[in-house]
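Trainee: This is the structure, below, for whatever I ask next.
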Amino acid sequence: MSKVLEQLRGGLVVSCQANPDSPLRDPLTISRLALAAEMGGAAGLRIQGFEDVAAVRAVTNLPIIGLTKTDRADTEVYITPTAAEAVKLADLGAEIVALDATLRPRPEPLAKMFEAVHAAGALVMADISTLDEAMNAIEQGADIVGTTLSGYTPFSRQLSGPDWELLNELREAGLPFVAEGRLNTPADAAKAMRYGAAFVVVGSAITRPDVVTGWFAQAMRE
Ligand SMILES: CC(=O)N[C@H](C=O)[C@@H](O)[C@H](O)[C@H](O)COP(=O)(O)O
């Protein structure tokens, strides 16, 4: 196993992302969220977009999982859809590049994407939504898969919480995996480790105060 995956093993990766309409949407704010996560004990960071990756790289040595989110008319694939974006993330200092590894029609073949990331000196985290996608990604050379997209493709389980069954399937298949997606409590993160995850990624519950406020407000209305 590579050094950076060893470093992340058993740890918490905090995803620091803000949507275009969020008041937190600027690279300086994202870099401060990243520093706060580091202060709290994060082992790594998951960062979206070139500007944010550069801003975070400038303030911390923690491993960065970089990605882009690109809306394209020709595909539903939006997490790092092209090799050029993947390579730029690596060049900006992301040790790991996350990219959509679903089996949907895509602008560029997965194998080409993986090759480009490896040639740029980074590792591939394949974001998947089903076991089949995970098996395909590992077969084609991904270093690790993440359950990121379960619930976000029409053919995966549509759950309001984590996809525990997918974690079970990945463990039983012997695939290296990261638990990510709707892990909203410390208990969820700890449980994901017991399910065999190499490490855990948490975003909304830590770095999206607008979303967390919504959870509270909604519960109080019920
Ligand atoms: C589906 C998709 O686009 N997920 C994105 C991937 O980077 C992020 O918007 C999520 O916040 C991240 O996966 C962490 O998940 P959660 O915020 O549920 O802890």
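Readers should treat all values here as calculations from the given coordinates under stated rules, not as data from a laboratory. Note that the structure is a prediction, hence the values are computed from the model and not measured. Heads up, the Cβs are rebuilt from the backbone with ideal geometry, glycines too, and the neighbour counts pull from every protein chain shown.
Trainee: Starting from 0.36 nm per residue, how many nanometres of slack lie between residue 74 and residue 28 once their C-alpha separation is accounted for? Intermediate results must be reported in sequence, preceding the final value.
Mentor: On the way: separation 46, 0.36 × 46 = 16.56 nm, distance 3.21 nm.
Here the segment from residue 74 to residue 28 would lengthen by 13.3 nm.
Trainee: Turning to a different aspect of this structure: Test of understanding: what is the full-extension gain from residue 51 to residue 2, defined as 0.36 nm times their sequence separation minus their Cα-Cα distance?
Mentor: Working: separation 49, 0.36 × 49 = 17.64 nm, distance 2.65 nm.
Length gained between residue 51 and residue 2: 15.0 nm.
Trainee: Of 102, 161, 199, whose Cα points farthest to the positive end of the dipole of the range 95-209 (charges on the beta-carbon: +1 Lys, Arg; -1 Asp, Glu; origin at the Cα centre)?
Mentor: 161
Trainee: If you place +1 on the Cβ of every Lys and Arg and -1 on the Cβ of every Asp and Glu, how big does the dipole about the Cα centre of the range 63-138 come out, in debye to the nearest 20? It would help to have the intermediate numbers written out before the result.
Mentor: On the way: 6 positive and 12 negative charges, 18 e Å.
Using Cβ point charges on Lys, Arg, Asp and Glu, the range 63-138 gives about 80 debye.
Trainee: Taking the Cα centre of the range 3-221 as origin, sum charge times position over the Cβ atoms of Lys and Arg (+1) and Asp and Glu (-1), and report the length of that vector in debye to the nearest 20.
Mentor: Numbers: 19 positive and 27 negative charges, 113 e Å.
About 540 debye.
Trainee: Something else about it: Please work out the C-alpha center-to-center distance from the range 175-195 to the range 1-55 and express it in whole Å.
Mentor: 17
Trainee: Assign one of three labels to the chain, namely rounded, prolate or oblate, based on the Cα gyration tensor with a ≥ b ≥ c the square roots of its eigenvalues; rounded applies when a/c is under 1.5, prolate when it is not and a/b is larger than b/c, and oblate otherwise. Walk me through the numbers before you get to the answer.
Mentor: Numbers: a/c = 1.31, a/b = 1.10, b/c = 1.18.
Cα axes put the chain in the rounded bin.
Trainee: A follow-up question, please. Specify whether the C-alpha gyration tensor of the range 1-66 places it in the rounded, prolate or oblate class, a ≥ b ≥ c being the square roots of the eigenvalues: rounded for a/c under 1.5, otherwise prolate if a/b is larger than b/c and oblate if not.
Mentor: Working: a/c = 2.11, a/b = 1.86, b/c = 1.14.
Because a/c hits 1.5 or more and a/b exceeds b/c, the range 1-66 counts as prolate.
Trainee: Could you pull out which residues in the range 189-222 have an amide N less than 17 Å from a spot 7 Å beyond the Cα of residue 59, following the Cα-Cβ vector?
Mentor: Under cut-off, by backbone N: 206-209.
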